[in-house]
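Scroll down for the structure; my scribbles are underneath it.
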There are 2 protein chains.
Amino acid sequence: MQLEHTSKQYDAELESVRAKVLEMGGLVEQQIVNALDALINVNLTLSDKVIANDHRVNALEVQIDEDCSHIIARRQPAAGDLRMIMMVVKTITDLERIGDEATKIARVAQKVSESGRLYTPRFNEIKTMVGHVREMLRTALDAFARLDVTKTVDVARQDEQVDEQFRAAMRQLITFMLEDPRTISMSLEVLFVAKAIERIGDHAKNIAEYVIYMVKGKDVRHTTVQEMEREAQEP
Amino acid sequence: MQLEHTSKQYDAELESVRAKVLEMGGLVEQQIVNALDALINVNLTLSDKVIANDHRVNALEVQIDEDCSHIIARRQPAAGDLRMIMMVVKTITDLERIGDEATKIARVAQKVSESGRLYTPRFNEIKTMVGHVREMLRTALDAFARLDVTKTVDVARQDEQVDEQFRAAMRQLITFMLEDPRTISMSLEVLFVAKAIERIGDHAKNIAEYVIYMVKGKDVRHTTVQEMEREAQEP
């Protein structure tokens, strides 16, 4: 049957787009992990690799965008599918920017490596923050894959925690700088890393919000965690 | 004629979406201007206003997103129109984030005001940077409005300038902090303002790139200024 055949192809196209989004998500997560590793272990080879790999993230964004446009143009998707496609278009923008933040961390790793390590910052807070944003990203992408909003509220909650951790890291860095002004330049680099991680958290939260919209048809962007919780829990 | 009638309505719908994008652009530009004003003149009323107005920016984003989905679902737009709509969806994400950055500047203005002004930073570099990103935003939105890519390359060039200004501002702030560690906290606030402005520049550049894609059908994201220039100049 022609119709069924076409419909199966259409399903395969939608599935392919979703698989590519998850591939892109896996890639940017690896970029975050490698960037942190490069920073902590002063590994120049790895920071170079992160920077070189950013083009793969970018290429995936462009490719998925094109796939989405083709599907819209040829398949005239119905409400639910269209919502999914629009949210994919938004999601990959956030994933691409997570990739950019990972690249920024890799650049700081390069600088730390070149600085001759007069002062080696402690990265405990940074590590904790990265642990959190990785979990946020995974939870958001898992919700996207399963179209299951149950855990999306956790992402919003963790985002608040990450924001608080960023502020704590900043207070600590100010203390270091006051105690020993020679640490100022390097402390600022660490601060930018913390800022990059905090942004990654924001992007993961955006993705979680898109999933709620995709599944529930309700826009929870620009609302509170409480409102988001209500939406996610409604049957 | 029914067909022409429908087509006119369709044109009006597309035109309405474009007008709303420009309205949103005007609003975020005003938010930037007010946030800077609040910061420089330690004007709490104005910083409160910027923060309160952010919901208007957010509401426009949600509304334009919905308009775009409706047009796609009902009108099945052809290639050129579809490209325009997809780029609108991307553009308003960047505009919304410019709004967020303006809000961040307004929050710093609040802090400066509450700090009792033990140390009042000089804002000359910040003012220059804001001048640049405003021009970038205007040029990008103007290109969007006219579907004219002639000046989009200027936006990419100015973005490089803004990035350099950010680095210069950072070096200067490090000097201040070294000379007088009591200025560290406030200098970091100024640094975050500079960072917010630098991000606004990035978003304006994104919008300019979307316009090139919309007009030329070629994706210039993730390319160099030189490549962008080539694309923009090709007939």
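The values are calculated or read from the model by the stated rules, or taken from the named source; none is laboratory data. Everything quoted here is computed from the prediction, not taken from an experiment. Ideal geometry is used to build each Cβ from the backbone, glycine not excepted, and the neighbour counts take in all protein chains shown.
Of the residues making up region A:169-191, those that are more than 8 Å from chain B (Cβ to nearest Cβ), assigned to a helix (DSSP H, G or I) and not small (Gly, Ala, Ser) are A:ARG171, A:GLN172, A:LEU173, A:THR175, A:PHE176, A:GLU179, A:ARG182, A:THR183, A:MET186, A:GLU189, A:VAL190.
Of all the criteria given as (1) in contact with a Lys or Arg (Cβ under 9 Å, 6 or more places away or on another chain); (2) at pLDDT below 95; (3) under 30 Å from A:LEU22 (Cα atoms), the one not satisfied by A:ARG199 is (2). Candidates are the residues of region A:62-76 that are more than 23 Å from the chain's Cα centre (by Cα) and surrounded by 21 or more Cβ atoms within 10 Å (Cβ to Cβ); the one that is farthest from the other protein chains (Cβ to nearest Cβ) is A:ILE71.
Condition (residue is within 14 Å of another protein chain (Cβ to nearest Cβ), closer than 18 Å to A:ARG97 by Cα, in a helix (DSSP H, G or I) and of a type outside the set (Lys, Arg)) applied to region A:210-230: is it met by at least one residue? The answer is yes, given that some residue of region A:210-230 is within 14 Å of another protein chain (Cβ to nearest Cβ), closer than 18 Å to A:ARG97 by Cα, in a helix (DSSP H, G or I) and of a type outside the set (Lys, Arg). Within 22 Å of the chain's Cα centre (by Cα), aliphatic (A, V, I, L, M) and either assigned to a helix (DSSP H, G or I) or within 12 Å of chain A (Cβ to nearest Cβ) (or both): does that describe B:LEU82? Considered against the rule, which asks whether it is within 22 Å of the chain's Cα centre (by Cα), aliphatic (A, V, I, L, M) and either assigned to a helix (DSSP H, G or I) or within 12 Å of chain A (Cβ to nearest Cβ) (or both), B:LEU82 comes out as no.
Which is assigned to a loop (DSSP other than H, G, I, E, B), buried (at least 16 other Cβ atoms within 10 Å of the Cβ) and away from chain A (no Cβ under 12 Å), of B:VAL50, B:VAL42?
After applying the criteria, what remains is B:VAL42.
Checked against (1) crowded, with 22+ Cβ neighbours inside 10 Å; (2) in contact (Cβ under 8 Å) with a residue 12 or more places away in the chain, B:MET177 meets all criteria but (2).
Tell me yes or no: at least one residue of region A:132-144 is within 14 Å of chain B (Cβ to nearest Cβ), over 24 Å from A:LYS8 (Cα atoms) and in contact (Cβ under 8 Å) with a residue 24 or more places away in the chain.
Step one: filter region A:132-144 for residues within 14 Å of chain B (Cβ to nearest Cβ), giving none.
No, because not a single residue in region A:132-144 is within 14 Å of chain B (Cβ to nearest Cβ), over 24 Å from A:LYS8 (Cα atoms) and in contact (Cβ under 8 Å) with a residue 24 or more places away in the chain.
Of the listed requirements (1) surrounded by fewer than 19 Cβ atoms within 10 Å (Cβ to Cβ); (2) within 21 Å of the chain's Cα centre (by Cα); (3) away from chain B (no Cβ under 14 Å), A:GLU13 misses just one: (2). For region A:88-102, a residue qualifies if it is more than 10 Å from every other protein chain (Cβ to nearest Cβ), over 11 Å from A:VAL28 (Cα atoms) and of a type in the set (A, V, I, L, M, F, W, C), and exactly one does: A:VAL88.
Every test in (1) within 14 Å of chain A (Cβ to nearest Cβ); (2) buried (at least 21 other Cβ atoms within 10 Å of the Cβ); (3) under 27 Å from A:ARG83 (Cα atoms) is passed by B:ALA59 save one, and that test is (2).
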